[in-house]
Amino acid sequence: MDSQVEIRLSGSGGQGLILAGIILAEGALNDGKNSIQTQSYGPEARGGASRAEVIISDTDINYPKINKCDILLSLTQKSCDKYLDSLKKDGILIIDDTVKIPERDDIKIYHVPILERAKNDIGSSMVSNIVALGAINGITKIVDKEELKKAILNRVPPGTEEKNEKAYEYGLNIF
């Protein structure tokens, strides 16, 4: 890992990306790193634009906002269109397979079935955020996978731990 990695999770309200950002930041803290998480909702929470930003660093974090991110997750076409220009050259773009692959040859693109896996393989679109966290960590290895799993199990609603653990494992092995 570079000494600091900036991650933007984007999609629509109701997809659980704010919680995913909180979990990712907590997993990084559990892993002995510094992290900070910020969030933004569109005008309406469910269905509107939603984004969470996480900065993970081996050193002090001097500024809590992201201008250009190293990793961009987009679960909707709208969020990909909106935030694609904020992804650094040589950055990593992780998009759901419902999103069109953008025409950028200066980034690494992962086109993965996050929403479909959550709905069809796990049986609930409510865990798409956890599948996405697994995919991010499977691709980037940004946080120790066991520490992130602990953070997930610490934050999900009681009684959903098994389903969320399965979602995380699917994400880790999504490709």
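Scan the range 87-128 for residues that are assigned to a loop (DSSP other than H, G, I, E, B) and either in contact with a Gly (Cβ under 7 Å, 6 or more places away or on another chain) or basic (Lys, Arg) (or both) and the total you get is 3. Number of residues in the range 86-103 that are under 23 Å from Lys68 (Cα atoms), modelled with pLDDT of 95 or more and open to solvent by 50 Å² or more (accessible area, probe 1.4 Å): the value is 5. One residue alone among Ile152, Ile130, Ile174, Ile139 is within 15 Å of Gln15 (Cβ to Cβ) and either among the hydroxyl-bearing types (Ser, Thr, Tyr) or touching a residue at least 40 places away in the same chain (Cβ under 8 Å) (or both), and that residue is Ile130.
If the condition is being open to solvent by 10 Å² or more (accessible area, probe 1.4 Å) and either hydrophobic (A, V, I, L, M, F, W, C) or over 15 Å from Asn30 (Cα atoms) (or both), then the range 143-155 contributes only Leu153. If I filter the range 16-38 for residues that are touching a His at 6+ places or on another chain (Cβ under 7 Å) and either at pLDDT 95 or above or surrounded by fewer than 20 Cβ atoms within 10 Å (Cβ to Cβ) (or both), do I get at least one hit? Looking for residues that are touching a His at 6+ places or on another chain (Cβ under 7 Å) and either at pLDDT 95 or above or surrounded by fewer than 20 Cβ atoms within 10 Å (Cβ to Cβ) (or both), one finds none in the range 16-38, hence no. Listed by first and then second residue, the pairs linking a residue in the range 59-82 that is over 15 Å from Ala132 (Cα atoms) to a residue that is charged (D, E, K, R) and open to solvent by less than 50 Å² (accessible area, probe 1.4 Å), with Cβ atoms under 7 Å apart and 6 or more places separating them unless they lie on different chains, are Ile66/Glu6; Ile66/Arg8; Ile66/Glu53; Cys69/Glu6; Cys69/Arg8; Asp70/Glu6. Against the conditions (1) of a type in the set (Gly, Ala, Ser); (2) touching a residue at least 40 places away in the same chain (Cβ under 8 Å); (3) more than 12 Å from Tyr170 (Cβ to Cβ); (4) surrounded by fewer than 21 Cβ atoms within 10 Å (Cβ to Cβ), Ser125 satisfies every one except (2). Of all residues in the range 55-72, those that are open to solvent by 100 Å² or more (accessible area, probe 1.4 Å) and either assigned to a strand (DSSP E or B) or polar (S, T, N, Q) (or both) total 2.
The values are calculated or read from the model by the stated rules, or taken from the named source; none is laboratory data. Computed from a predicted structure; not experimentally measured. Cβ sites come from the backbone with ideal geometry, for glycine too, and all protein chains shown count toward neighbours. SASA here: full protein model, heavy atoms, side chains in, ligands and nucleic acids out. Shrake-Rupley method; radii C 1.70, N 1.55, O 1.52, S 1.80 Å.
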